[in-house]
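A.B. asks: Could you have a look at this structure, given as structure tokens, before my questions?
The values are calculated or read from the model by the stated rules, or taken from the named source; none is laboratory data. Predicted model, so just to flag it, every value in this text is computed and none were measured. FYI the Cβ positions are ideal-geometry reconstructions off the backbone, even for glycines, and counts take in every protein chain you see.
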Amino acid sequence: MSTCVLSTWSAELASTEDSTGSAITCRTLPGALPMAPFQRLIGPLFADGINSPRIAHHGKDLPLSRVVSRTMHPDEGFHDHAGTVNGHRLGTVHGPRLHADSYSSCIPTAMRIRIPDDDYFYRLFGVKCIDFVRGFPSPRPGCRLGSRVPFNTLTGTIDGNTVYGVTEKFARKLRTGFGGLLRMNPVFKEYGLKDLLPLKLDIPDEGCTRPNKNMYCFEAGEIRVNEQLVLTVMHTLMAREHNRIANGLAEVNPHWDDETLFQEARRINIAEIQHITYNEFLPILLGKDVMEKFGLVVEKEGYWDGYDPEVNPDVIASFASAAYRFGHSLLPTAVERWSKAHKFIASKRLSDLIRRPYDLYRAGVLDEYVMGLMNQVAQAMDDSITQEVTNHLFKKVGARFGMDLVSFNMQRGREFGIPGYMEFRKFCGLPPADTFQDLFGSMPNATVQKYETIFDHPIDVDLWSGGVSERPLPGSMLGPTFACIIATQFSYSRRGDRFWYELPNQPSSFTPEQLKEIRKARMARIICDNTDIIDTVQLYPMVLPDHELNPRVPCRSGIIPMMDFSKWAEPAPSPFHGAAKQFVSSFSYDPYLGKK
């Protein structure tokens, strides 16, 4: 007999037979757990109905991913008017990682990314293809037979998995074992500066491009902590925030042990991440109208009793493989460092910071990057993508070329069996397009005309490509299709999470007084409390400062609220409690042995 374990939001038992006729018992576990299959908004679209990547509606191959990338998503370098590079998601709900590390070996697989002979960039270096590794398939819910279903290596809920990992074993590895603290690296202790993340000592080359054997990347709850320096900075701030909370709790509860301090600090940190995600990030991303339509507006006071055990919080396949990759359009060509006086210092090409976060080992530089994230104008949300990721992604040291992230996005959607952009327009209640001319108004005319040169019919356009090309909704960064998919995901993530921070009547619920403190959480406060030299910050760091609408304020002014940990204070147990318990136990009665 074989056994498989499935992770879904509802518990059930199922059994079936494998190909040899042996019985397979499948156990589905409650809760949003790692390795859970992605859920789908629309049924998959595979060429053979089961496994083969999507093809065009007339049965021929779709345009090469690289052709879509270079034709539809060239680097035209427009900037947004209000957003900052700091608009990075805190509410992390991830899909599969990119496994490709090879440029031109062209391993024999149908999923490799072929490079056309006339490619304006890669032909200069003789690159014929980029290797691409498919995501591993998951057992289907209930072990039912059917089409391929990929799985998520992380948990689906917003639970701080990038800080704490997804298993108890790994969480233990990240802890010091005292004071409820996470391990950190006090590399700047002699300068009186805050710690960095710990060194990644086991499998040090995993997810890193190391210049030598003496240089190490960082370790955190998620392997992609080193994928680009901006991510590393955000991971560092949230790990520091955990330790700040743990120290604050220890002051008001000196009798609490390491486990109690860690779990409570973790619970508060996750609640802060959830609150900032829905209170600051999503309103900028989706806009007020979409937030209200999908029930994403958090309560201002009291509890929110919106948990629904029938809602699956696991990640939606089209969200992971396409819609939540909207941020690739916002990536800058260079990442800037600014001084505490909000003056530009220097910049570094993004491709030189991917998998190479080593600048952070210079004292004070992390704060300069944080200042840059708050002051640097983000790229516009459109179909223009920087060459730093379309030609130079994961570039090796000294190399003149790298990989193409846009081609990966296209290929990932096709191997996931994600239907085309047009199917999701229909799902979201938007009018379908039978001809390319029907898309005029939904996206720029020049974009529609370029689609006509490579696709035979609008129904074949890839979801990611069409989604980033849409004109944004009023008050939103996104077009209607991506706004619909992303809002649906975050609705599921809130309504299907039994541990959501606003809920009443759960073992994990905060008291009304504690919940009031959680609602004080602000990204600005996170930055003020977890950096060294930053003393002024705009109220909403994900938006550029404005004298009237988004002013810079001093961290110590009291304008940015601070959490009061005294709301978590508990009286210490009586010194006589232990002795009394031992005295009573000496007279306990054992039904088999009688009175002790």
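A.B. asks: Looking at region 410-432, can you tell me whether even one residue there is in contact with a strand residue (DSSP E or B) (Cβ under 7 Å, 6 or more places away or on another chain) and among the small types (Gly, Ala, Ser)?
C.D. replies: Looking through region 410-432, none of the residues is in contact with a strand residue (DSSP E or B) (Cβ under 7 Å, 6 or more places away or on another chain) and among the small types (Gly, Ala, Ser).
A.B. asks: A further question on this structure: Looking only at strands (runs of 3 or more DSSP E) that lie completely in region 317-435, which have at least 3 residues being hydrophobic (A, V, I, L, M, F, W, C) and surrounded by fewer than 18 Cβ atoms within 10 Å (Cβ to Cβ)?
C.D. replies: Hits in region 317-435: 344-349.
A.B. asks: Going by the conditions given, is Val543 modelled with pLDDT under 95 and either of a type in the set (Val, Ile, Thr) or within 20 Å of Gly558 (Cα to Cα) (or both)?
C.D. replies: Taking the combined requirement at face value, the residue satisfies it.
A.B. asks: Mind checking whether some residue in region 212-221 is in contact with a His (Cβ under 9 Å, 6 or more places away or on another chain), surrounded by 17 or more Cβ atoms within 10 Å (Cβ to Cβ) and among the aromatic types (Phe, Trp, Tyr)?
C.D. replies: Within region 212-221 (the criterion being in contact with a His (Cβ under 9 Å, 6 or more places away or on another chain), surrounded by 17 or more Cβ atoms within 10 Å (Cβ to Cβ) and among the aromatic types (Phe, Trp, Tyr)), the answer is yes, since at least one residue qualifies.
A.B. asks: Of all residues being hydrophobic (A, V, I, L, M, F, W, C) and free of Cβ contacts under 8 Å to residues at least 60 places away in the same chain in region 144-183, which is farthest from Glu241 (Cα to Cα)? Just the residue, please.
C.D. replies: Looking at the filtered set, the residue picked out is Phe170.
A.B. asks: If you don't mind, another one. Could you tell me which residue of region 376-433 is modelled with the lowest pLDDT, considering only residues that are polar (S, T, N, Q) and either touching a Pro at 6+ places or on another chain (Cβ under 9 Å) or over 18 Å from Ile130 (Cβ atoms) (or both)?
C.D. replies: Taking the candidates together, the pick is Gln379.
A.B. asks: So which of Ile526, Ile534 is in contact (Cβ under 8 Å) with a residue 60 or more places away in the chain, among the β-branched types (Val, Ile, Thr), under 24 Å from Arg267 (Cβ atoms) and crowded, with 16+ Cβ neighbours inside 10 Å?
C.D. replies: Residue meeting the stated conditions: Ile526.
A.B. asks: If I ask for residues that are of a type in the set (A, V, I, L, M, F, W, C) and either within 22 Å of the chain's Cα centre (by Cα) or surrounded by 14 or more Cβ atoms within 10 Å (Cβ to Cβ) (or both), which ones from region 436-468 would you list?
C.D. replies: Answer for region 436-468, where residues must be of a type in the set (A, V, I, L, M, F, W, C) and either within 22 Å of the chain's Cα centre (by Cα) or surrounded by 14 or more Cβ atoms within 10 Å (Cβ to Cβ) (or both): Phe436, Leu439, Phe440, Met443, Val448, Ile454, Phe455, Ile459, Val461, Leu463, Trp464, Val468.
A.B. asks: Then there is this: What residue, of Val311, Val297, is surrounded by fewer than 21 Cβ atoms within 10 Å (Cβ to Cβ), among the β-branched types (Val, Ile, Thr) and within 24 Å of Met563 (Cβ to Cβ)?
C.D. replies: After applying the criteria, what remains is Val297.
A.B. asks: For region 453-472, what are the residues that are hydrophobic (A, V, I, L, M, F, W, C) and touching a helix residue (DSSP H, G or I) at 6+ places or on another chain (Cβ under 6 Å)?
C.D. replies: Ile454, Ile459, Val461, Leu463, Trp464, Val468
A.B. asks: Which residues, taken from region 105-120, are modelled with pLDDT of 90 or more, crowded, with 17+ Cβ neighbours inside 10 Å and part of a loop (DSSP other than H, G, I, E, B)?
C.D. replies: Residues satisfying the conditions are Ile115, Asp119.
A.B. asks: Here is a further query. Taking only pairs six or more apart or across chains, which ones have beta-carbon atoms under 6 Å, a first residue in region 482-493 that is within 14 Å of Pro472 (Cα to Cα) and modelled with pLDDT under 95, and a second residue that is of a type in the set (Phe, Trp, Tyr) and not in a helix (DSSP H, G or I)?
C.D. replies: As it stands, the answer is none, since no pair meets every condition given.
A.B. asks: May I pose another question? For region 257-280, check the following and say yes or no: at least one residue is under 30 Å from Met72 (Cβ atoms), acidic (Asp, Glu) and surrounded by fewer than 19 Cβ atoms within 10 Å (Cβ to Cβ).
C.D. replies: Taking every residue of region 257-280 in turn, none turns out to be under 30 Å from Met72 (Cβ atoms), acidic (Asp, Glu) and surrounded by fewer than 19 Cβ atoms within 10 Å (Cβ to Cβ).
A.B. asks: Scan region 147-194 residue by residue and report those that are of a type in the set (Phe, Trp, Tyr), assigned to a helix (DSSP H, G or I) and surrounded by fewer than 24 Cβ atoms within 10 Å (Cβ to Cβ).
C.D. replies: Phe170, Tyr191
A.B. asks: Quick one: which of Val290, Val315, Val298, Val311 is hydrophobic (A, V, I, L, M, F, W, C) and over 30 Å from Ala171 (Cα atoms)?
C.D. replies: After applying the criteria, what remains is Val290.
A.B. asks: Check Phe440, Phe394, Phe401 and return the single one that is without any contact (Cβ under 8 Å) to a residue 24 or more places away in the chain, farther than 27 Å from Arg40 by Cα and not basic (Lys, Arg).
C.D. replies: The conditions single out Phe440.
A.B. asks: Under 8 Å between Cβ atoms, which residue pairs at least 6 apart in sequence (or on different chains) link something in region 271-292 that is at positive phi with a partner that is surrounded by 22 or more Cβ atoms within 10 Å (Cβ to Cβ) and of a type in the set (A, V, I, L, M)?
C.D. replies: Matching pairs, first to second residue: Gly287/Met477; Gly287/Ala483.
Residue-by-condition table, conditions (1) within 29 Å of Pro357 (Cβ to Cβ); (2) assigned to a helix (DSSP H, G or I); (3) within 19 Å of the chain's Cα centre (by Cα):
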| site | (1), (2), (3) |
| --- | --- |
| His235 | yes, yes, yes |
| Thr260 | no, yes, no |
| Glu264 | no, yes, no |
| Ile273 | yes, yes, yes |
| Gly295 | no, no, no |
| Asp305 | no, no, no |
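A.B. asks: Next question, about the same structure. Determine whether Val127 is closer than 29 Å to Leu393 by Cα and part of a helix (DSSP H, G or I).
C.D. replies: no
A.B. asks: Among what's in region 184-215 and is in contact (Cβ under 8 Å) with a residue 60 or more places away in the chain and within 22 Å of the chain's Cα centre (by Cα), pick the residue that is nearest to Ala363 (Cα to Cα).
C.D. replies: Leu196
A.B. asks: Another question, then. Take Gly142 and tell me if it is surrounded by fewer than 23 Cβ atoms within 10 Å (Cβ to Cβ) and either within 21 Å of the chain's Cα centre (by Cα) or in a loop (DSSP other than H, G, I, E, B) (or both).
C.D. replies: no
A.B. asks: Continuing with the same structure: Just to be sure I understand, how many residues within region 121-139 are surrounded by fewer than 20 Cβ atoms within 10 Å (Cβ to Cβ) and hydroxyl-bearing (Ser, Thr, Tyr)?
C.D. replies: 1
Rundown of residues vs (1) touching an Asp or Glu at 6+ places or on another chain (Cβ under 8 Å); (2) at pLDDT 55 or above; (3) among the aromatic types (Phe, Trp, Tyr); (4) not in a helix (DSSP H, G or I), yes/no style:
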residue	(1), (2), (3), (4)
His57	yes, yes, no, yes
Arg66	yes, yes, no, no
Ala82	no, yes, no, yes
Gly91	no, no, no, yes
Tyr103	yes, no, yes, yes
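A.B. asks: It is to be established whether one or more residues within region 469-478 are buried (at least 24 other Cβ atoms within 10 Å of the Cβ) and within 17 Å of Met422 (Cβ to Cβ).
C.D. replies: yes
A.B. asks: Follow-up. Test Ser19 against the stated conditions and say whether it is of a type in the set (Ser, Thr, Tyr), out of contact with any strand residue (DSSP E or B) (no Cβ under 8 Å at 6 or more places or on another chain) and modelled with pLDDT under 85.
C.D. replies: For Ser19, the condition - of a type in the set (Ser, Thr, Tyr), out of contact with any strand residue (DSSP E or B) (no Cβ under 8 Å at 6 or more places or on another chain) and modelled with pLDDT under 85 - is met.
A.B. asks: I've got another one for you. Name every residue in region 353-383 that is of a type in the set (A, V, I, L, M, F, W, C) and over 22 Å from Asp195 (Cα atoms), in order of residue number.
C.D. replies: Residues satisfying the conditions are Val377, Ala378, Ala380, Met381.
A.B. asks: Which pairs turn up if I take residues in region 468-480 that are of a type in the set (S, T, N, Q) and look for partners that are assigned to a loop (DSSP other than H, G, I, E, B) with beta carbon separation below 6 Å, at least 6 apart in sequence or on another chain?
C.D. replies: That search, which allows pairs on different chains as well, returns Ser469/Asp383; Ser476/Gly287.
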